[in-house]
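The values are calculated or read from the model by the stated rules, or taken from the named source; none is laboratory data. Keep in mind it's a predicted model, so treat the numbers as computed, not measured. Positions of Cβ are generated from backbone atoms using ideal geometry, with glycine treated the same way; all protein chains shown enter the neighbour counts. Side chains are part of the model used for accessible areas, which takes the heavy atoms of the whole protein and leaves out ligands, DNA and RNA. Shrake-Rupley method; radii C 1.70, N 1.55, O 1.52, S 1.80 Å.
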Amino acid sequence: MRHRLTRDEIIRRLATRPPIEDLLTADDLEKQRAAASAASLTPAAVLLLVVNHPGEPTVVFTQRTAHLADHAGQISFPGGRVEEVDEGPAQTALREAREEVGIDPAGIEILGELPDYHTSTGYRVRPVVGWAEPPLSYAPDPYEVADVFEVPLHFLLEPANHRYESAFYKGRLRHYWAMPWEGRFIWGATAGMLVTFQRIVGRR
């Protein structure tokens with residue numbers, strides 16, 4: 001029988017996570033350091049929200065609209081850049097989730113945070129892990145969000161579903177993580193954060 005990861009286990013494993021050097025492969029570390037040194041990074045935060053459905057916990061994703069300047073059409077977590085009114089990454093993630101997807105922050109418990117993820121587009125992203133009990137209602141902002149959907153947590157935590165791929169982009173060979181799921185292509189920074197999440201909370 002598949003082990004069902006509990007809220008308390010996630011909290012404990014996030015609180016006792018190993019150093020980043022023990023979580024990432026040499027390729028991942030090199031990519032993160034290169035992104036961090038390439039330019040001054042804009043602080044941002046995203047919400048990795050686990051929904052505790054009775055049958056199977058899931059994680060919430062958004063598909064961005066095709067006209068956006070950054071990451072158009074891509075799958076991502078709700079989130080965005082830090083604003084002056086935000087008192088920390090958790091507040092940024094909750095504010096953005098409300099603005100983008102209409103999720104009420106009052107129904108979300110913050111369990112912890114993942115290490116910062118540095119993107120090639122100039123962001124230093126803090127993934128904030130949240131927990132919510134169903135039902136959740138979504139009211140996506142039509143300008144930013146084309147769709148909201150959930151993926152089973154067990155799928156995301158299975159290393160066999162984590163594909164390390166490569167492709168030429170602007171004359172350079174780029175390497176990235178990808179997790180295709182039912183016609184959806186989760187890749188890039190979002191998939192990279194999920195790999196880190198699995199290495200922290202999926203360890204025995």
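Just one residue in the set Glu84, Glu99 is open to solvent by 50 Å² or more (accessible area, probe 1.4 Å) and assigned to a helix (DSSP H, G or I); that residue is Glu99.
Look at the stretch 76-99: where a residue is closer than 10 Å to Ala45 by Cβ and a partner is of a type in the set (Lys, Arg), sitting 6+ places away or on another chain with Cβ atoms under 7 Å, you get Asp86/Arg95; Pro89/Arg126. Across the stretch 178-188, what is the total count of residues that are surrounded by fewer than 16 Cβ atoms within 10 Å (Cβ to Cβ) and either of a type in the set (Asp, Glu) or not in a strand (DSSP E or B) (or both)? Residues meeting the conditions: 2.
In the stretch 147-181, of all residues being of a type in the set (Ser, Thr, Tyr) and in contact (Cβ under 8 Å) with a residue 12 or more places away in the chain, the one that is nearest to Gly55 (Cα to Cα) corresponds to Tyr164. Taken over the stretch 137-149, the criterion of being in a loop (DSSP other than H, G, I, E, B) and aliphatic (A, V, I, L, M) is satisfied by Ala139 alone. Filtered by the rule that a residue be crowded, with 17+ Cβ neighbours inside 10 Å, assigned to a strand (DSSP E or B), of a type outside the set (Val, Ile, Thr) and modelled with pLDDT of 90 or more, the stretch 150-177 gives Glu150, Trp177. When we screen Arg4, Arg13 for residues that are more than 19 Å from the chain's Cα centre (by Cα) and closer than 30 Å to Ile103 by Cβ, the only hit is Arg4. Scanning the stretch 19-39 for residues that are in a loop (DSSP other than H, G, I, E, B), more than 20 Å from Trp177 (Cα to Cα) and free of Cβ contacts under 8 Å to residues at least 60 places away in the same chain turns up just one, Pro19. With respect to (1) within 17 Å of Thr121 (Cβ to Cβ); (2) at pLDDT 85 or above, the lone exception for Ile20 is condition (1).
For the condition touching a strand residue (DSSP E or B) at 6+ places or on another chain (Cβ under 6 Å), β-branched (Val, Ile, Thr), open to solvent by less than 70 Å² (accessible area, probe 1.4 Å) and in contact (Cβ under 8 Å) with a residue 24 or more places away in the chain, what is the one hit in Val201, Val129?
Selected residue: Val129, the only one of Val201, Val129 that is touching a strand residue (DSSP E or B) at 6+ places or on another chain (Cβ under 6 Å), β-branched (Val, Ile, Thr), open to solvent by less than 70 Å² (accessible area, probe 1.4 Å) and in contact (Cβ under 8 Å) with a residue 24 or more places away in the chain.
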